[in-house]
Amino acid sequence: MWNNLLSSLRAAARTLFRALLLLLFCGAVAFLIVYPLWKFGTAAPRVYTGAVLAAAAACLLFFAVKKIRAAPWQRTMRTLLISLIAAGAAAAAVAAVMAGRRILAVPAVLLAAAACLLVSAAFNKFAERNGAAR
């Protein structure tokens, strides 16, 4: 009976020790990753912001190129044109609001929505006419 109790206590202590060791390891790895980033961010905030934005842009570009390669060219062109129209409308709306002419932002957004619908319909018609997959 005592042997059974001692072996159970040893197993529990071993499990607790492993859990504490894992916790210590995770804390050390987190410190090794976070401390240099924190130090870089506080020492040179502008450079750090630029580096983070460049890394994020590189990731977005990588995934966009990967997605574009897998899609047919019609879908890629439709998505690109709609994205450009939406970005242009957003820029126009922001410029109108910043210039104090908020009312001009409404037609910009409405025209962009109509242009996006027209582009999508044109590409759908092209795909139907040429028998291409959407």
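Laboratory data are not the source of any read-out in this text; all were calculated from the coordinates shown. From a predicted model like this one, the values you see are computed outputs, not experimental measurements. Positions of Cβ are backbone-derived with ideal geometry, glycine not excepted, and every protein chain shown enters the neighbour counts.
Springs between alpha-carbon atoms under 10 Å, Gaussian network over the chain: tell me which of 41, 50, 27 tops the mean-square fluctuations. In the Gaussian network model the winner is 27.
Placing R0 at 30 angstrom, the Cβ-Cβ distance between residue 19 and residue 39 gives a FRET efficiency of 0.50 after rounding to 0.05.
Legend: calculated FRET efficiency, residue 120 to residue 95, from the Cβ-Cβ distance at R0 = 30 Å, rounded to 0.05, equals 0.75. Relative to the longest principal axis of the Cα atoms of the chain, helix 2-43 runs at roughly 40 degrees.
To the nearest 10 degrees, how steep is helix 73-98 against the longest Cα principal axis of the chain, on a 0 to 90 scale? Tilt relative to the chain: about 80 degrees. Dipole magnitude for region 40-134: about 200 debye, using +1 per Lys or Arg Cβ and -1 per Asp or Glu Cβ, origin at the Cα centre. Straightening the chain between residue 9 and residue 61 buys 13.3 nm, computed as 0.36 nm per residue apart minus the Cα-Cα spacing.
Computed from Cα atoms, the angle from the helix 45-70 axis to the main principal axis of the chain rounds to 70 degrees.
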